[in-house]
């Protein structure tokens with residue numbers, strides 16, 4: 001961050017990505033929220049890690065959980081698998097949830113969130129964590145079963 005005082009000037013924080021997040025930024029954010037609590041919104045709340053072609057990446061949900069553990073920040077979660085994101089998408093599309101499908105590449109955010117919202121689910125297996133892997137053991141271990149399983153185009 002070019003200006004470390006930006007955390008102190010903000011009336012709230014919207015957290016979208018950990019792409020350039022560092023332990024130093026985490027310490028600055030914690031200190032700012034300890035000095036003056038304010039809302040913290042995580043708009044991509046993958047809980048700890050997300051699958052990428054090159055492996056797993058740390059995600060904003062990890063930052064949120066660390067904040068909850070250290071400063072008890074007023075944290076709002078918005079995104080998969082939380083219901084508000086699905087409710088917003090359903091409201092914008094028009095059809096009833098059972099006529100919609102959540103299509104993506106993870107069980108714990110995409111398939112689980114879609115099913116909880118009453119939508120069908122399509123697990124795409126040729127990218128992310130499942131690229132080149134048999135999904136069967138993961139589905140059995142998690143108990144999260146998509147309606148359909150497909151590989152890409």
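Points worth noting:
- Scanning segment 1-32 for residues that are surrounded by fewer than 15 Cβ atoms within 10 Å (Cβ to Cβ) and modelled with pLDDT under 85 returns 1, 2, 3, 4, 5, 16, 17, 19, 20.
- Here the condition is being at pLDDT 90 or above, crowded, with 16+ Cβ neighbours inside 10 Å and in contact with a strand residue (DSSP E or B) (Cβ under 8 Å, 6 or more places away or on another chain); of 103, 150, it holds for 103 alone.
- Scan of segment 73-84 for residues that are over 19 Å from residue 12 (Cα atoms), touching a strand residue (DSSP E or B) at 6+ places or on another chain (Cβ under 9 Å) and surrounded by fewer than 19 Cβ atoms within 10 Å (Cβ to Cβ), ordered by number: 84
- Within segment 98-134, considering residues that are in contact (Cβ under 8 Å) with a residue 60 or more places away in the chain and assigned to a helix (DSSP H, G or I), the one farthest from the chain's Cα centre (by Cα): 130
The values are calculated or read from the model by the stated rules, or taken from the named source; none is laboratory data. Quantities reported herein were computed from a predicted structural model and do not represent experimental measurements. Because the Cβ atoms are built from the backbone with ideal geometry, glycine has one as well, and the counts that use them run over all protein chains shown.
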